[in-house]
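Enquirer: To start, I am sharing the structure in question, which I have written as structure tokens.
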Amino acid sequence: MTLREFEVDIPLGRITGLRAGHEGPRVLALHGWLDNAASFLPLAAHLPDLQLVVPDLPGHGSSAHLAPGAEYTSGVAVNAVLDIADALGWETFCLLGHSMGAGIASLMAAAVPHRVQRLVAIEALGGLAETVERTADRWREAIAAARALPGKRLRVFADLAAPVRARMQANQLSEAAARLLVERGVRPVEGGFVWSSDPRLTLPTPQRLDEAQLAALVAGIGCPTAVVYADPPQPYFPEPLRSRRASLLPHGQLHVIAGTHHLHMEDPARIAMLIGPFLRA
């Protein structure tokens, strides 16, 4: 499957991305935090019979950043993805998400069940929770970080070697996978390159749902859902929490596969064998 560039205009601004296919199930693929549409390039090659649309989510890749003063929240992300679907003329569709994208897709499946036909969630389900006891601390940390951000300057890389190494170390990525993300995730400036993602994406959010609320959302996902987790689990989504979340799905199936967080990039053929028949069913 050959992915080609596309653009759509939504109320938030211009959204860029990759798409392929003219027949088969319609699938919106949502990438992870600080990734971009290139996250699904390896997997797309093994899913030739889908209409696959992979946007750079707002603030990522070459897509528009939010207006000054606005904040990146789950609600903003869900509405942006729905605006993308509307711009495509897709009333109903399947969702395929990785990490943050899987969290957004989970919330969408619960919030607009009449539009989401099937859900594949890779390495996340529902979102990250916060305890009630940390509410005040989270607000203090978030506001302090937001007030400090304007004083920070973007690092300029002379070439792509350093950002590729940084992604490899941060995410246990192979050089080939890291390079795909970096090449789509930087922009040229005088003296080299800077990350193209909105620096506000690195800010902690002041508000998160607690575990009981996220459990209720996951339990409210009515469509058939396939969950794929890597083993070992990520520290921020450990066992038995992640398996307990999956067990709440009314129509869910869980697959645990040895691999790293970006297993859909590093082992795409195996992931495609799992999710391809599910998405086509």
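The values are calculated or read from the model by the stated rules, or taken from the named source; none is laboratory data. Computed from a predicted model, the values in this text were never measured in an experiment. Neighbour counts run over all protein chains shown; Cβ positions are idealised from the backbone, glycine included. Only protein heavy atoms, including side chains, enter the accessible area calculation; ligands, DNA and RNA are left aside. Shrake-Rupley method; radii C 1.70, N 1.55, O 1.52, S 1.80 Å.
Enquirer: I'd like the residue in segment 175-217 that is free of Cβ contacts under 8 Å to residues at least 60 places away in the same chain and in contact with an Asp or Glu (Cβ under 8 Å, 6 or more places away or on another chain) and, out of all such residues, is most open to solvent (accessible area, probe 1.4 Å).
Expert: Result: F193.
Enquirer: Report whether or not Q234 is modelled with pLDDT under 95 and either in a loop (DSSP other than H, G, I, E, B) or crowded, with 17+ Cβ neighbours inside 10 Å (or both). Spell out how you get there, then give the answer.
Expert: Details: modelled with pLDDT under 95: no; either in a loop (DSSP other than H, G, I, E, B) or crowded, with 17+ Cβ neighbours inside 10 Å (or both): yes.
So Q234 does not fit the description; no.
Enquirer: Could you say which residue among T92, T131 is farther than 28 Å from L41 by Cβ and either free of Cβ contacts under 8 Å to residues at least 40 places away in the same chain or among the β-branched types (V, I, T) (or both)?
Expert: Values: T92 fails: farther than 28 Å from L41 by Cβ.
Every option except T131 fails the conditions.
Enquirer: Go through (1) touching a residue at least 40 places away in the same chain (Cβ under 8 Å); (2) surrounded by 18 or more Cβ atoms within 10 Å (Cβ to Cβ); (3) aliphatic (A, V, I, L, M); (4) within 23 Å of N171 (Cα to Cα) one by one and return the number of the condition L28 breaks.
Expert: (4)
Enquirer: Within segment 176-206, track down each residue that is outside any strand (DSSP E or B) and over 15 Å from D35 (Cα atoms).
Expert: Those that are outside any strand (DSSP E or B) and over 15 Å from D35 (Cα atoms): E190, G191, L203, P204, T205, P206.
Enquirer: Name the single residue that is surrounded by the fewest Cβ atoms within 10 Å (Cβ to Cβ) among those in segment 40-91 being of a type in the set (V, I, T) and over 22 Å from A272 (Cα atoms).
Expert: Of all residues in segment 40-91, those of a type in the set (V, I, T) come to 53-54, 73, 76, 78, 81, 84.
Narrowing further to those that are over 22 Å from A272 (Cα atoms): 73, 76, 78, 81, 84.
On the way: T73: 13, V76: 17, V78: 18, V81: 26, I84: 23.
Across segment 40-91, the extreme among qualifying residues is T73.
Enquirer: What pairs can you find where one residue is in segment 253-279 and without any contact (Cβ under 8 Å) to a residue 24 or more places away in the chain and assigned to a helix (DSSP H, G or I), the other is buried (at least 18 other Cβ atoms within 10 Å of the Cβ) and not acidic (D, E), and their Cβ atoms are less than 9 Å apart, with a gap of 6+ or different chains?
Expert: Sorted first by the residue in segment 253-279, then by its partner, the pairs are R270/G259; R270/L263.
Enquirer: Follow-up question, since we're still on this one. Please enumerate the residues belonging to segment 106-144 that are over 17 Å from P233 (Cβ atoms), touching a helix residue (DSSP H, G or I) at 6+ places or on another chain (Cβ under 8 Å) and aliphatic (A, V, I, L, M).
Expert: Scanning segment 106-144 gives L107, M108, A110, A111, V112, V116, L119, V120.
Enquirer: Continuing with this model, one more query. Taking the criterion of being within 28 Å of L41 (Cα to Cα), in a loop (DSSP other than H, G, I, E, B), open to solvent by 40 Å² or more (accessible area, probe 1.4 Å) and in contact with a Lys or Arg (Cβ under 7 Å, 6 or more places away or on another chain), would at least one residue in segment 159-174 satisfy it? So that I can check it myself, show each step before the final result.
Expert: So in segment 159-174, the residues within 28 Å of L41 (Cα to Cα) come out as 159-174.
Restricting the remaining residues to those that are in a loop (DSSP other than H, G, I, E, B) gives 159-160, 172-174.
Filter once more, keeping what is open to solvent by 40 Å² or more (accessible area, probe 1.4 Å): 159, 172, 174.
Subset that is in contact with a Lys or Arg (Cβ under 7 Å, 6 or more places away or on another chain): none.
No; the residues of segment 159-174 include none that is within 28 Å of L41 (Cα to Cα), in a loop (DSSP other than H, G, I, E, B), open to solvent by 40 Å² or more (accessible area, probe 1.4 Å) and in contact with a Lys or Arg (Cβ under 7 Å, 6 or more places away or on another chain).
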